[in-house]
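The values are calculated or read from the model by the stated rules, or taken from the named source; none is laboratory data. Because the structure is predicted, anything quoted here is derived from the model rather than measured. Cβ atoms come from the backbone with ideal geometry, glycine included; neighbour counts cover every protein chain shown.
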Amino acid sequence: MGEKLLSTPGSIAELGPKFLPGGVKFRSIDTEAKIEANLLIEPYIHDDSFLFLDYDAQHMRSAGFEDLGGWLDEAFSFVRGPAMHILDTEA
């Protein structure tokens, strides 16, 4: 189904005149680590020569303030590494 949605941009017209292609979303669900991550890549609506990247990692377990630093480091490492790499290879 994912391939069909990405390969048929003409079907967007079915949604109505106010809808336009908005980018791509990638998901990772790690049930063992209890982490669900989403990476959204879309063109900046006012100037499509720029991209908007949104990375969201939801940790589904109890945590303390002391855990946040490590989680932030992991998030920035992901964005600097694999997320930027996919932009280089998909261009």
- Message: I'm checking my understanding of the structure. Among residues of region 21-36 that are in contact with a Pro (Cβ under 9 Å, 6 or more places away or on another chain) and surrounded by 11 or more Cβ atoms within 10 Å (Cβ to Cβ), which one is farthest from His59 (Cα to Cα)?
- Response: Gly22
- Message: Where the second residue is modelled with pLDDT under 80 and the first is under 19 Å from Ser49 (Cα atoms) and lies in region 11-23, which pairs have Cβ atoms under 8 Å and are six or more apart or on separate chains?
- Response: Leu20/Ile12; Pro21/Pro9; Pro21/Ile12
- Task: Could you please let me know if Ser77 is part of a helix (DSSP H, G or I) and of a type in the set (S, T, N, Q)?
- Result: yes
- Task: Please find, among Leu40, Leu53, the residue that is part of a strand (DSSP E or B), in contact with a Gly (Cβ under 7 Å, 6 or more places away or on another chain) and closer than 22 Å to Gly23 by Cβ.
- Result: Leu40
- Item | First in region 54-82 and in contact (Cβ under 8 Å) with a residue 24 or more places away in the chain and surrounded by 10 or more Cβ atoms within 10 Å (Cβ to Cβ), second anywhere and of a type in the set (Val, Ile, Thr) and assigned to a helix (DSSP H, G or I), Cβ under 6 Å, 6 or more apart | Tyr55/Val79
